[in-house]
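*Asks:* Please read through the structure below; I'll follow up with questions.
The numbers here are math on the coordinates, done by the rules we state, and not lab data. Everything numeric here is computed off the predicted structure, so don't read it as measured data. Cβ atoms come from the backbone with ideal geometry, glycine included; neighbour counts cover every protein chain shown.
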Amino acid sequence: MGSPLIIETCSRCRSDAVVHQAYSGQHLCGRHLASSIRKRTSRELRLQLELPKDARHEDGSPYRILVAVSGGKDSAVLLTMMVDIIGRRRDIELIAGCVDEGIDGYRAPSLECARELTGSLGIRFETLGYEDMGYGRMDEVVGKMPAMGENHVEAKGLMPCSYCGVFRRQSLNALAKKVDADVMALGHNLDDMAQSILMNLQKGEIDRSVRLAPHTRMPIDGIAPRIVPLRWIPEQEIHAHAIQIGLPFYHGECPHAPGAMRQQSRAVVAKLESQTPGARHGLLHSLDQIRALHHEVHPKAKNEVNRCAECGEITSKDICQACTMRQWLLSESS
């Protein structure tokens with residue numbers, strides 16, 4: 001017979017624990033986990049979003065925050081936390097927005113979860129599809145990838161996430177313009193942040209790391225600054241909290257994700273964390289220190305960007321990657 005399952009008690013009360021924070025040594029029950037997540041989220045919101053007592057615009061319209069939702073656990077927790085922390089302020093309007101990539105069997109059920117959540121919270125819900133942006137459905141893009149790889153040198157070897165990441169960024173920017181958002185809140189958790197930092201470091205792209213959200217202290221001209229209130233919350237804790245309070249969220253994984261570089265970084269970060277609890281926090285602290293040093297060296301630096309000659313969106317090149325990829329797709333359709 002196997003040894004009996006031992007359920008640890010919460011380090012702060014006598015209730016059963018739902019998570020173990022290896023990095024802090026604490027076990028937390030559902031109530032104290034919720035309190036811990038709210039406290040960290042609230043602190044980040046204050047740091048990333050410096051709002052006056054009355055944030056209304058001169059014309060009396062509210063300060064609008066677009067909360068990017070996907071139907072997954074992270075954005076579900078983000079939206080509920082935002083509603084809980086600042087949702088009662090009359091000078092602020094929270095709007096939930098979802099990008100529909102056009103992925104069969106994945107986006108439809110997750111969109112339903114997002115609709116259910118926003119409906120229960122009484123939050124305005126907006127969507128924008130890749131088809132609305134002129135990219136076509138993501139499933140169709142994946143079908144054209146082999147031909148694009150053969151006909152365009154830059155497209156050779158690209159994974160579906162390479163296309164989807166570019167299209168998603170542009171679609172979120174368009175969604176923010178559509179609702180006239182002042183700021184966009186993203187549900188990136190601690191694991192997401194650590195993975196992005198690792199991916200950029202291994203490619204030697206320090207500038208790219210420095211440009212990671214939050215952007216409110218160094219806004220990028222032409223786009224709503226992004227904030228990431230959940231950036232210090234581990235994915236496991238978000239998952240446990242979402243289940244604990246019964247949030248509607250979709251559990252499935254994107255069918256096009258396997259093989260993506262982020263999947264490799266996910267495995268590396270998970271291994272680092274298991275061997276050295278607190279490694280994810282260390283990576284994010286390192287980024288903050290790099291950002292501070294960068295600001296010391298370049299105190300007047302701005303996130304200056306070029307404008308795409310075709311669509312006018314921000315880009316580091318003459319033609320943005322979204323327009324380049326759209327052209328590849330059009331050439332395969334003709």
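*Asks:* Could you pull out the GluC sites (Glu not before Pro) across the range 245-334 that fall in loop regions by DSSP (anything but H, G, I, E, B) with no more than 10 other Cβ atoms inside 10 Å?
*Replies:* E304
*Asks:* Hey, another quick one. Regarding the range 4-98, what whole-number volume in Å³ per residue does the convex hull of its Cα atoms give?
*Replies:* Enclosed volume per residue, from the Cα hull, is 125 Å³.
*Asks:* Same structure again: Could you tell me which of G204, G246, I233 has its Cα farthest along the dipole of the range 186-334 towards the positive end, charges placed at Cβ (Lys, Arg +1; Asp, Glu -1), taken about the Cα centre?
*Replies:* G204
*Asks:* Got a sec? How would M261, M193, M145 order by Cβ neighbour count within 10 Å, fewest to most?
*Replies:* Ranked by crowding around the Cβ, least crowded first: M261, M145, M193.
*Asks:* Please give the charge dipole size of the chain, origin at the Cα centre, charges +1 on K and R Cβ atoms and -1 on D and E Cβ atoms. Round to the nearest 20 debye.
*Replies:* For the chain, the charge dipole is close to 1020 debye.
*Asks:* On to the next question. Return the Rg/Rh ratio of the range 56-200 with Cα-based radii and a Kirkwood Rh.
*Replies:* Using only Cα positions, Rg/Rh for the range 56-200 is 1.02.
*Asks:* Next question, about the same structure. So what's the chain giving for Rg/Rh, alpha carbon basis, Kirkwood Rh from the mean inverse pair distance?
*Replies:* 0.97
*Asks:* If you place +1 on the Cβ of every Lys and Arg and -1 on the Cβ of every Asp and Glu, how big does the dipole about the Cα centre of the range 234-307 come out, in debye to the nearest 20?
*Replies:* 280
*Asks:* Next up: Running a GNM on the chain with Cα contacts under 10 Å, which residue among D100, D132, D74 ends up with the highest mean-square fluctuation?
*Replies:* Of D100, D132, D74, the Gaussian network model singles out D132 as fluctuating most.
*Asks:* Okay, next question. For the range 245-334, with the dipole built from +1 on Lys and Arg beta-carbon atoms and -1 on Asp and Glu ones, taken about the Cα centre, which of Q263, L283, C308 lies farthest toward the positive end?
*Replies:* The residue sitting most towards the positive pole is L283.
*Asks:* Which of L45, S331, L121 sits farthest toward the positive end of the charge dipole of the chain, with +1 on the Cβ of Lys and Arg and -1 on the Cβ of Asp and Glu?
*Replies:* Positive-end residue among those listed: L45.
*Asks:* Of the GluC sites (Glu not before Pro) in the range 8-86, which ones lie in a loop per DSSP and count no more than 10 other C-beta atoms within 10 Å?
*Replies:* E50, E58
*Asks:* Ok, one more. Using every pair of alpha-carbon atoms in the range 196-334, split the distances into 5 Å bins beginning at 0 and state the percent of pairs per bin, rounded to integers.
*Replies:* For the range 196-334, the binned pair fractions read 2, 7, 11, 15, 18, 17, 14, 9, 5, 2, 0 percent.
*Asks:* Could you pull the Cα extents of the range 203-272 along its three principal axes, largest to smallest, in whole Å?
*Replies:* Ordered largest first, the range 203-272 gives principal extents of 38, 29, 26 Å.
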